[in-house]
Amino acid sequence: MEWIVIPLLIFCARIIDVSISTLRMMYTINEKREMAVTLGFFEVLIWLIAVGQALQHLSTPFAYIGYAGGFATGTYVGMFLEKKLASGIVLMRIVTVKKDSHALTDYLRKNNYLVTVVDAENNDGNVNVVFLPAKRKDLPQLQEVIRKYNPNAFYSIENLRFVTSLRAQLGTIAN
């Protein structure tokens, strides 16, 4: 039992606590304090159990492997969960290339996105810079829309930590 079950339990505990840690960081960055604090409690509780078991079984090399393997796997699982949850608000900055932005911005506005367009110039001439705040979970769809309406566009995406009164934090955008 000591050679298989204990390392397996340590492995599973580490997967859970490291996954929770990743989600806790996401909620901390997005300033969702209650969720971050709750997750932090369970993260440390599970971590203490895993560490306690690892220390009690120092003579079992598989306990080390379970601990390290659980950490690595938990990192992957946490990143997967974070991507699926995709909470928060981002700002897309889209630079149109060799094509104006009207078709793209018309589509976005018709779908209730807040769009700001600025005329600009790059090395190849006139371009439009489109500023588009959006829910992070909408990014895959928005990237498809950009490819459809302006396939040569360049865009960058940045996480927004704080947004003031942007239609109640984008509550009305892309229902």
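Quick note: the coordinates plus some simple rules give every number you see, no bench work behind them. Not measured: the values here are computed from a predicted model. Glycine also receives a Cβ, built like all others from the backbone with ideal geometry; neighbour counts cover every protein chain displayed.
Tabulated results
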read-out	value
The chain: DSSP helices with Cα axial extent of at least 30 Å and average Kyte-Doolittle hydropathy no lower than 0.0	5-29, 33-56, 61-85
Alpha carbon centroid spacing (whole Å) that separates region 96-167 from region 1-38	36
Trypsin sites (Lys or Arg not before Pro) within region 84-156, DSSP loop, no more than 13 other Cβ atoms inside 10 Å	LYS98
Volume per residue that the Cα convex hull of region 89-170 spans, once the total is divided by residue count, Å³	89
Simple label model, 7 Å out from Cα along Cβ direction - TYR76 to ILE4, nm	2.3
Volume in Å³ per residue [convex hull over Cα atoms, computed for the chain]	142
Inverse mean reciprocal Cα-Cα distance (Kirkwood Rh) of region 1-95, Å	14.2
Pairs of lysines in the chain (C-alpha under 18 Å apart; 8 or more residues apart or interchain)	12
Cα convex hull of region 106-153 - mean projected area over all directions, nm²	3.6
Hypothetical label at TYR155: residues of region 78-94 whose amide nitrogen lies under 15 Å (7 Å Cα-Cβ projection)	89-94
